1. Using the beta-carbon distance between ASN26 and THR286 and R0 = 51 Å, what value does 1/(1 + (r/R0)^6) give for FRET efficiency, to the nearest 0.05?
2. With just the Cα atoms of the stretch 158-295, tell me how far they stretch along each of the three principal axes, in Å, largest first.
3. May I ask you to list, by number, the DSSP H helices of the chain whose Cα span along the axis is at least 20 Å and whose average Kyte-Doolittle hydropathy reaches 0.5 or more?
4. What does the highest-first list of 137-145, 72-80 look like by mean Cβ count within 10 Å?
5. State the extension gain, in nm to one decimal, for the chain segment bounded by ASP51 and ILE92, taking 0.36 nm per residue of separation less the distance between their alpha-carbons.
6. Could you do me a favour and compute the accessible area per residue for the chain, 1.4 Å probe, result in Å²?
7. How do the peptides 164-170, 238-244 rank, highest first, by the average count of neighbouring beta carbon atoms within 10 Å per residue?
8. Ranked from highest to lowest mean number of other Cβ atoms within 10 Å per residue, what is the order of the peptides 286-292, 30-36?
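The values are calculated or read from the model by the stated rules, or taken from the named source; none is laboratory data. Everything numeric in this text was worked out from a predicted model, so none of it was measured. Reconstructed Cβ throughout: ideal geometry from the backbone, glycine too, with neighbour counts over all protein chains shown. Calculation scope for accessible area: heavy atoms of the full protein, side chains included, ligands and nucleic acids excluded. Shrake-Rupley method; radii C 1.70, N 1.55, O 1.52, S 1.80 Å.
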Amino acid sequence: MEDKKTFINFPRNRYNDIIKVVNNSNDHVMALAANFSKEADSHLVCIQNDDGNYQTQAINIQNKPRKVTGASFVVFNGALKPASGLTAKSSIVEDGLMVQIVPEDMATLKQLLREMKGYTLGCGAIGGSQPDEVVELRWVEDDKEANVGVKSVIDDQAMDGVTSLRIHNSTDYIGESRMIRWTEVFLLQVPDGSTRGSWGDPVDLNKLAETLARACCVALTEHLDKLKEASMTKIGLRVAVDSEKVEYEIGANGEKLSADYMKALDMQLIPVMHQAASQNHDGPITLELLFHVLE
């Protein structure tokens, strides 16, 4: 936020996350969490005072003028009535921003986000010569701050800047006394546009990841006790699929899994990989899936 202008930046490689928010929101309210902004020289914070009430303050860098202020979230409220006499209204709420708009603008906003297009909202009186404040939504370059410091459990490959998706509703595959769960997928190399939610023909990356996860879990279920005894409870599977070749690596604690597991893994994974390769004409795909062996 700066001088009667508020910019809401959406990294292009976060399209899938934005679409989840759009699809899960209701007709009148859509809430988005924000990252800490390196461009801001101050940031909104919400502080509880001695009376138990909350108040908003802006903290800033010492001895530096406050020009750009960051916020922790933004909420779009699409219940503004035309009778209010306002085109839109922007206000600070705790350590975030509330933008009130009419229902028609809410529908337009969601559609433009689906199309990865920007949108500008003018806040102020209807019929005013110029808005009192402008809220601009814009798509910006990819976020390269993802997974900084994270390393692959297979071979310690750095994952800095690699987009990953947490898996919240995966199936648990249960062995004799333990179970294995798929928890995350890293998109190491995907065709252009695949991270933007199209994930359709010819290769559906979402479906491919799910199928690979299922195949890996089925192959390892009978070996869970052995993996636990070897302290291999966090396992990575890296799969490369191209039209001409397929390959995979699997490991834990920076080491490859031994040959004892390869027969079962080959039997489950290779058919899935060849099927994906036969459909892939858009370029190489490399995914790394993360699994946990649990009690």
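1. It comes out at approximately 0.85.
2. Sorted largest first, the three principal extents are 41, 27, 26 Å.
3. 205-220
4. Top of the packing list down: 72-80, 137-145.
5. 12.7 nm
6. 56
7. Ranking, from highest mean packing down: 238-244, 164-170.
8. Top to bottom by mean Cβ count within 10 Å: 286-292, 30-36.
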